[in-house]
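Novice: Input: one structure, supplied below.
The values are calculated or read from the model by the stated rules, or taken from the named source; none is laboratory data. Since we're looking at a predicted model, the values are computed, not measured. We place every Cβ from the backbone using ideal geometry, glycine too, and count neighbours over all the protein chains shown. Heavy atoms of the whole protein, side chains included, go into the accessibility calculation; ligands, DNA and RNA do not. Shrake-Rupley method; radii C 1.70, N 1.55, O 1.52, S 1.80 Å.
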Amino acid sequence: MCAAEVRFGEADLTTCDREPIHIPGSIQPHGVLLVVDRQAHRVEQVAGDTVRLLGRSAASILEQSITLLLDDDASEFITTQMAAPAAFVAPIVRLGVRTRE
C-alpha cells in the first residue's frame, strides 16, 4: 500500500481541494435553510423544498415569526441560540423540526 492510499474510514483532507462541488448554491434535498432576523425573530430568506419538508410554501414562510411558524421546542431552541451575546451566531442545525399546525 502506498503512503497516499486511504483506507475505508480514514479521512484524507489533502484531496478536499480537488473534490467537485456538485450543485453550488443549492440546499440538499433533505434540508431547508431559514435566514432569521436576530432581533425580530422573523424569517428573512428561505431555501429548499419547504412544501415537502415543512408543509408550507416559501412565500408563506417569509416574514413569519419563528415562534408562530415552528413548534415550541424548535422555536425556543432557535431563539435561545440567537440570544447569545456574541456578535456572530454560528449556523444552527436542528433535525426533526416541526411547524405549527
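Novice: When only residues in region 52-61 that are within 19 Å of Arg94 (Cβ to Cβ) and not charged (D, E, K, R) count, which is least open to solvent (accessible area, probe 1.4 Å)?
Specialist: Keep residues of region 52-61 that are within 19 Å of Arg94 (Cβ to Cβ), which gives 52-56, 58, 61.
Checking the rest, the ones that are also not charged (D, E, K, R) come to 53-55, 58, 61.
On the way: Leu53: 63, Leu54: 24, Gly55: 60, Ala58: 41, Ile61: 0 Å².
This residue is Ile61.
Every residue, every condition in (1) at pLDDT 90 or above; (2) out of contact with any strand residue (DSSP E or B) (no Cβ under 6 Å at 6 or more places or on another chain), yes or no:
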residue: Arg7; (1), (2): no, yes
residue: Glu10; (1), (2): no, yes
residue: Thr15; (1), (2): no, yes
residue: Glu19; (1), (2): no, yes
residue: Val43; (1), (2): yes, no
residue: Arg52; (1), (2): yes, yes
residue: Ser60; (1), (2): yes, yes
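Novice: Follow-up question, since we're still on this one. What is the residue count in region 45-101 for residues that are of a type in the set (A, V, I, L, M), closer than 16 Å to His30 by Cβ and in contact (Cβ under 8 Å) with a residue 40 or more places away in the chain?
Specialist: 2
Novice: Conditions: (1) open to solvent by 50 Å² or more (accessible area, probe 1.4 Å); (2) more than 13 Å from Arg94 (Cα to Cα). Gln81 meets all but one. Number of the miss?
Specialist: (2) is the only condition that Gln81 fails.
Novice: In region 62-78, which residue that is among the polar types (S, T, N, Q) and open to solvent by 30 Å² or more (accessible area, probe 1.4 Å) is farthest from Gly96 (Cα to Cα)? Quick ask: steps written out before the conclusion?
Specialist: Just the residues of region 62-78 that are among the polar types (S, T, N, Q), to begin with: 64-65, 67, 75.
Checking the rest, the ones that are also open to solvent by 30 Å² or more (accessible area, probe 1.4 Å) come to 64, 67.
On the way: Gln64: 19, Thr67: 16 Å.
Only one residue fits best here, namely Gln64.
Novice: Moving to a separate point now. Could you tell me whether Arg94 is among the charged types (D, E, K, R), open to solvent by 50 Å² or more (accessible area, probe 1.4 Å), at pLDDT 90 or above and assigned to a loop (DSSP other than H, G, I, E, B)?
Specialist: Working: among the charged types (D, E, K, R): yes; open to solvent by 50 Å² or more (accessible area, probe 1.4 Å): yes; at pLDDT 90 or above: no; assigned to a loop (DSSP other than H, G, I, E, B): yes.
No; evaluated as a whole, the condition is false for this residue.
Novice: Let me ask something additional. Here is a check on your reading of the model: is Gln45 closer than 18 Å to Leu95 by Cα, under 14 Å from the mean Cα position of the chain (by Cα) and either among the acidic types (Asp, Glu) or open to solvent by 80 Å² or more (accessible area, probe 1.4 Å) (or both)? Before the answer, list the steps.
Specialist: Working: closer than 18 Å to Leu95 by Cα: no; under 14 Å from the mean Cα position of the chain (by Cα): yes; either among the acidic types (Asp, Glu) or open to solvent by 80 Å² or more (accessible area, probe 1.4 Å) (or both): yes.
No, not satisfied.
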